[in-house]
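First the structure, in the form of structure tokens, and then the observations on it.
The values are calculated or read from the model by the stated rules, or taken from the named source; none is laboratory data. Nothing here was measured: the structure is a model prediction, and the numbers come from that model. Glycine gets a Cβ as well: all are built from the backbone with ideal geometry, and neighbour counts include every protein chain shown. Just so you know, the surface numbers come from the protein's heavy atoms only, side chains and all, with ligands and any DNA or RNA stripped out. Shrake-Rupley method; radii C 1.70, N 1.55, O 1.52, S 1.80 Å.
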Amino acid sequence: MDQVSFMEICLHQLKMSGVKEGEKLIVLTQGADRLDYADAFLAAGQQLGAQMYHMRLPSPPPVSGWNVGVTGLAALPEAVEALKQADMVIDCIFLLFSDEQMAIQASGTRVLTAVEPPELLARLLPTTELREKVEIGGEILAKAQTMRITSPHGTDVTYRLGVYPTITEYGCTDEPGRWDHWPATFVFTGAADDGVDGQIVLAPGDVLLPFNTYVREPVTYTIEKGFIQDIRGGLDAELIKSYMASFNDPRGMGMSHVGWGLDPRAHWHGLTDFPGGMGMELRSFYGNVMFSTGPNNELGGPNDTACHLDIPMRGCSLFLDDEPIVLDGDIAVPEMRSERP
Ligand SMILES: [Fe+2]
């Protein structure tokens, strides 16, 4: 994407995030990554009269795989203090699940993550209409006491809710201390620590993140009291188990966030367009039901394991207190519906 177009979509983003004249914004990058993002955001913020600067950290040391929640900021408390002084931080590194991000948000600074390819950012710009649908979903989810997910492939699992908050993601953020990720159009919460029981069966075409692959043959999870007891199946099941075992952390078998996606513009086949991204398009596609394994500290829970998988599924049904919210991969609540793609 040319830099002028990139600046234009960043301008849209900052307007949707309520950036006003005189606000203090910091764009955070590391190494040689996403320097063009910093340029585009700085130019856009200047047009809005924001006071902006770019904080660039050194490249992280090479590690094998993705260590969720481990960032270069941990060794730089002065930098964290500076970020806490800002009205808004644009995170082009990926701070999510880190203590540093939580401290920045707790100080009242809003945080926007922007790490996906510019072409995807452009296609999935935040909109007021989708924000409203996500917020309606958030209100419905926040009131629910139980979530049940079923599928024709044998999924039947129940989450006991009401302990942890509901999180909305609509791809921009205009409230103090609030985090969001561009692009995003989904809602989620988590169960009580011992509150998930049943079976989840992944079907061909369901999505494994961060593997960024599609499931090819069924994978069956057995879950009791919030922890995975067993994962069975073929090659995909073996890959999942091998990956999880590499963290050497039994808390990776915990159950993490759960919810559904609402963006009719997001493609299920998105990994064929952007195979190396963060998978936000897959988390957002209309009517997906996403469950996740591993940490729940993002919601305020005690599990901060680095072993985290997000798994958007197609064709599921999701019920809150027995009321249908998603039916066979389509949104069942009129106020949340869009024209099905
Ligand atoms: Fe996740």
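Looking at (1) of a type in the set (Gly, Ala, Ser); (2) within 13 Å of the chain's Cα centre (by Cα); (3) at pLDDT 95 or above, which is the only condition Gly162 fails?
(2)
Could you figure out which of (1) within 11 Å of the ligand (Cβ to nearest atom); (2) open to solvent by 10 Å² or more (accessible area, probe 1.4 Å); (3) of a type outside the set (A, V, I, L, M) isn't true of Pro275?
Every listed condition holds for Pro275 apart from (1).
Residue-wise test of (1) within 16 Å of the ligand (Cβ to nearest atom); (2) surrounded by fewer than 20 Cβ atoms within 10 Å (Cβ to Cβ).
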| position | (1), (2) |
| --- | --- |
| Pro204 | no, yes |
| Ile223 | no, no |
| Gln229 | no, yes |
| Asp236 | no, no |
| Met244 | yes, no |
| Leu282 | yes, no |
| Met290 | yes, no |
| Pro302 | no, yes |
| Asp310 | yes, no |
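Out of the residues in the stretch 312-329 meeting the condition of being outside any loop (DSSP other than H, G, I, E, B) and open to solvent by 30 Å² or more (accessible area, probe 1.4 Å), tell me which one is nearest to the ligand (Cβ to nearest atom).
Phe319
I'd like to know if the stretch 69-78 contains one or more residues that are buried (at least 19 other Cβ atoms within 10 Å of the Cβ) and farther than 28 Å from Met7 by Cβ.
Within the stretch 69-78 (the criterion being buried (at least 19 other Cβ atoms within 10 Å of the Cβ) and farther than 28 Å from Met7 by Cβ), the answer is yes, since at least one residue qualifies.
Give just the number: which of (1) within 25 Å of Asp304 (Cβ to Cβ); (2) not in a loop (DSSP other than H, G, I, E, B) does Arg56 not satisfy?
(1)
Given the criterion open to solvent by less than 40 Å² (accessible area, probe 1.4 Å) and of a type outside the set (Ser, Thr, Tyr), identify the matching residue among Ala122, Ala106, Ala142.
Going through Ala122, Ala106, Ala142 in turn, just one is open to solvent by less than 40 Å² (accessible area, probe 1.4 Å) and of a type outside the set (Ser, Thr, Tyr): Ala122.
Mind checking whether some residue in the stretch 291-310 is assigned by TED's automatic domain parsing to the domain that holds Ile231, in contact with a Ser or Thr (Cβ under 6 Å, 6 or more places away or on another chain) and assigned to a helix (DSSP H, G or I)?
No, the stretch 291-310 has no match at all.
Is it true that Glu81 is of a type in the set (D, E, K, R) and touching a His at 6+ places or on another chain (Cβ under 9 Å)?
When the stated conditions are applied, Glu81 does not pass them.
Restricting attention to the stretch 113-164, and to residues there that are touching a Cys at 6+ places or on another chain (Cβ under 6 Å) and in a strand (DSSP E or B), which single residue is nearest to Gln30 (Cα to Cα)?
That would be Ala114.
Do the conditions hold for Met255, that is, is it within 14 Å of the ligand (Cβ to nearest atom) and touching a His at 6+ places or on another chain (Cβ under 8 Å)?
no
Conditions tested, residue by residue: (1) more than 23 Å from Arg148 (Cα to Cα); (2) acidic (Asp, Glu); (3) touching a helix residue (DSSP H, G or I) at 6+ places or on another chain (Cβ under 8 Å).
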residue	(1), (2), (3)
His267	yes, no, yes
Met280	yes, no, yes
Ser284	no, no, no
Ser292	no, no, no
Glu298	no, yes, no
Asn303	no, no, yes
